[in-house]
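So the structure is just underneath, and the comments pick up after that.
The values are calculated or read from the model by the stated rules, or taken from the named source; none is laboratory data. Values in this document were obtained by computation on a predicted structure and should not be read as measured data. Methodologically, a virtual Cβ is constructed for each residue, glycine included, from the backbone with ideal geometry; neighbour enumeration extends over all protein chains shown.
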Amino acid sequence: MTIIYIIIAVVVVGGLVAAIFFGLRFARQSEEGNIDPVMMRLAEATQRGEVVSLEQAELQQPFFERVIVPIIKKIGEISTRFTPQKLLQETTLKLELAGNPGRVDASTFLATRFVVAAVFGGLLLVISIFSDNSWSFTRIFFTVIGFTALGFFFPQLWLQGRINARQQDVRKAMPDALDLLTICVEAGLGFDAAMSKVSEKWENELSIMFGRCIREVQLGKPQREALRDMADRIGLPELTSFVAAVIQSQILGVSLAKVLRIQADQMRMKRRQRAEELAHQAPVKMIIPMTFLTFPTIMLILMIPAGFQIYGIMK
């Protein structure tokens, strides 16, 4: 029965994680398109010729959007009163660096940490109570505390992973993007038009940030301020250096094409150096799997026949 309870717990946790993932993805797609999901469903029903009220359209939303998200937001509003302002600012910065997945604010994200911790701890508490093998109070206490702590830190680890993945994506795309920028500028396009071309040609984090920067400039924000904000939203030293070089060339009147070509050469050199660094780290990283997986297997293959022979001689 213990195995059954563990399987049920794994299924429930997996379903919860999947619901959070797809719910946040749906919310993100809706927010990026500036579309209210309720109005979107109402418009779809109207196009099909169906008579649907606003309440019915709202009930057609996914369970996550209709129930879970409002509860988490309410918990976030309550927890904001007791959360230090510095922690909210740090969380807001990390969400911005991660691209703000799900378009949640800092208070909602902090509330999500408490909800996930309660779910993890509650599942382990239920398993320990209804298990056939009676657990001692000490074992139950430390197990529940451990999994509650794991659930509390899991969203933070997930967010940090999103930040690292986003920065890695931008770092890989920068050399090729700078090459395309250089070609466009040398062909006679302005810097804004060149960034727009890069945004149209590719679909990655860097092109998305270029497109957002162009839209901010079109809405009236100064170009230098938009570029600095773009660098701050990524938090990558290479992009910060690129933005500083572009702004400096505009201030001093230096040829922008020459600056972009120099920056592209430097980015390619850094990419080559990072590849060489990872190649040198590979032998060290291979020691652990070789020690615990390869060497024991080789020892078994070599020693078992010799052990049988020694056993036969001694017998």
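Condition check for VAL254 on (1) more than 17 Å from THR182 (Cβ to Cβ); (2) at pLDDT below 85: one failure, at (1).
Please verify whether ARG166 is buried (at least 18 other Cβ atoms within 10 Å of the Cβ) and charged (D, E, K, R), treating the condition exactly as stated. In short, yes.
Hey, CYS184 hits all of (1) in contact (Cβ under 8 Å) with a residue 60 or more places away in the chain; (2) closer than 30 Å to GLN266 by Cβ but one; which does it fall short on? Among (1) in contact (Cβ under 8 Å) with a residue 60 or more places away in the chain; (2) closer than 30 Å to GLN266 by Cβ, CYS184 violates only (1). GLU225 falls short on exactly one of the conditions (1) surrounded by 11 or more Cβ atoms within 10 Å (Cβ to Cβ); (2) at pLDDT below 90; (3) of a type outside the set (S, T, N, Q), and that condition is (2). Can you spot a residue in the range 265-281 that is closer than 22 Å to CYS184 by Cα and of a type in the set (A, V, I, L, M, F, W, C)? Within the range 265-281, one or more residues are closer than 22 Å to CYS184 by Cα and of a type in the set (A, V, I, L, M, F, W, C). Only a single criterion out of (1) in contact with a Leu (Cβ under 7 Å, 6 or more places away or on another chain); (2) buried (at least 18 other Cβ atoms within 10 Å of the Cβ); (3) of a type outside the set (Ser, Thr, Tyr) is not satisfied by ILE247, namely (2).
For the range 172-179, the criterion of a residue being surrounded by fewer than 18 Cβ atoms within 10 Å (Cβ to Cβ), more than 24 Å from GLU200 (Cα to Cα) and not aliphatic (A, V, I, L, M) is satisfied by no position. Note on the range 76-111: residues that are at pLDDT 80 or above and in a loop (DSSP other than H, G, I, E, B) amount to 2.
Residues of the range 139-163 that are at pLDDT below 85, surrounded by 13 or more Cβ atoms within 10 Å (Cβ to Cβ) and more than 13 Å from PHE120 (Cβ to Cβ): ILE140, PHE141. Restricting attention to the range 112-151, the residues that are part of a helix (DSSP H, G or I), more than 30 Å from LEU88 (Cα to Cα) and charged (D, E, K, R) total 1.
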